[in-house]
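One structure below.
The values are calculated or read from the model by the stated rules, or taken from the named source; none is laboratory data. The model shown is predicted, which means the values in this text are computed figures rather than measured ones. Note that we place each Cβ from the backbone using ideal geometry, even for glycine, and neighbour counts take in every protein chain shown. Ligands, DNA and RNA are stripped out before the accessible areas are found, and what is left, the full protein with its side chains, is counted by its heavy atoms. Shrake-Rupley method; radii C 1.70, N 1.55, O 1.52, S 1.80 Å.
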Amino acid sequence: MMSRQAFLCGLGSLYLSLLFVFLLMDVYARPANNSALKEKAADSKDENEILPPDHLNGVKMEMDGHLNKEFHQEVFLGKEMEEFEEDSEPRKNRKKLMAIFSKVDINNDKKIGAKEMQRWIMEKTDEHFQEAVEENKMHFRAVDPDGDGHVSWDEYKIKFLASKGFNEKEIAEKIRNNEELKIDEETQEVLDNLKDRWYQADNPPPDMLLNEEEFLSFLHPEHSRGMLKFMVKEIIRDLDQDGDKKLTLSEFISLPVGTVENQQAQDIDDDWVKDRRKEFEEVIDANHDGIVTMEELEEYMDPMNEYNALNEAKQMIAVADENQNHHLELEEILKYSEYFTGSKLMDYARNVHEEF
């Protein structure tokens, strides 16, 4: 089993507690070299076009049950998130942040209230949704070679295995002739999980054929209420230790078995537990009874839940509201820019008035 530190180093502050918890904790692992069907592996771009992503933009919790550490930046910056980089010129980043502030401040009173931030969060979340819809159209065409508007499980399976380095023509022929495929255990486990998810995205009557809308649910379960329920069941299943289909705080913050190899890793663990505890107690456990039900988790994970957006808006304001007026002024956002954009804006006070 991989060490805890290996997970942490690969995903920053996100701590992946379970190997293959949901689907693709190791989707980029190549099949074993002993397969006669192997050829040069496809590049990651081709693979990403047909694989459901681990990271769901604009959603607070990932498919593996871990908190999305980039959520605040995603719902505040939207498509502009990539423009805020550590090595970007601070002066340009300040101007971009000021422009965003003006857009959020719809009543032009030079401060942002909870309702204004809620509206902005919903708008940015919808922006992520629309972007996923557009990308889905391209990805659907990539896996629908005959252009009949439906993708069969076998068609997807062929493309998936090709993206993992198998010879597409040989795989297609073997599937067509019902011949045994020599697939390593890890790849087969991913395939089994994908097939289970394929079933869930296949709306009644089930035919194992996905149209473009169903394929969107397969790639982006946050777009579908039915798939959200499925995601919740999977997360509950993997975190629920006593089998009661509910989560206690101890279950939600439990760390996987592993070895902390140094103090830095231990510090990251401590921060991880602290974040999980706070989210459980203050947000997910809506009635504060110490138990998170499937219904509570589903509401929490629904990215278009207006109540959650308002709650998030209040939390984001509280982080930077130094004068405690329950609003955000431009100076406060600039001072806490790392929270909102992921990058630090240096010497903000010296430049704010001359630029705004």
Scanning the range 90-108 residue by residue, the ones that are free of Cβ contacts under 8 Å to residues at least 40 places away in the same chain, open to solvent by less than 50 Å² (accessible area, probe 1.4 Å), part of a helix (DSSP H, G or I) and touching a helix residue (DSSP H, G or I) at 6+ places or on another chain (Cβ under 8 Å) total 2
Is it the case that some residue within the range 111-126 is of a type in the set (S, T, N, Q), out of contact with any strand residue (DSSP E or B) (no Cβ under 7 Å at 6 or more places or on another chain) and not in a helix (DSSP H, G or I)?
-> no
Give the residues of the range 252-298 that are open to solvent by 50 Å² or more (accessible area, probe 1.4 Å), touching a Leu at 6+ places or on another chain (Cβ under 8 Å) and modelled with pLDDT of 90 or more, sorted by residue number.
-> 277, 281
Of these, 319, 352, which one is open to solvent by less than 40 Å² (accessible area, probe 1.4 Å) and either at pLDDT 90 or above or assigned to a helix (DSSP H, G or I) (or both)?
-> 352
Inspect all residues belonging to the range 108-128 and state whether any of them is over 27 Å from residue 59 (Cβ atoms), modelled with pLDDT of 95 or more and touching a His at 6+ places or on another chain (Cβ under 7 Å).
-> yes
Just one of (1) modelled with pLDDT of 90 or more; (2) part of a helix (DSSP H, G or I) trips up residue 183, so point out which.
-> (2)
When you go through 85, 80 one by one, which is the residue that is modelled with pLDDT of 75 or more and on the phi < 0 side of the Ramachandran plot?
-> 80
Across the range 201-220, which residue is modelled with the highest pLDDT among those that are over 19 Å from the mean Cα position of the chain (by Cα) and in a loop (DSSP other than H, G, I, E, B)?
-> 211
Regarding residue 237, is this residue in a helix (DSSP H, G or I), open to solvent by 30 Å² or more (accessible area, probe 1.4 Å) and of a type outside the set (Ser, Thr, Tyr)?
-> yes
Single match in 210, 249, 216 (criterion: in contact with a His (Cβ under 6 Å, 6 or more places away or on another chain) and open to solvent by less than 70 Å² (accessible area, probe 1.4 Å)) = 216
Test residue 175 against the stated conditions and say whether it is over 24 Å from residue 130 (Cβ atoms) and crowded, with 21+ Cβ neighbours inside 10 Å.
-> no
When residue 39 is run through (1) open to solvent by less than 70 Å² (accessible area, probe 1.4 Å); (2) modelled with pLDDT under 85, the failure sits at (1)
Select, from 158, 183, the only residue that is open to solvent by 20 Å² or more (accessible area, probe 1.4 Å), more than 26 Å from the chain's Cα centre (by Cα) and β-branched (Val, Ile, Thr).
-> 183
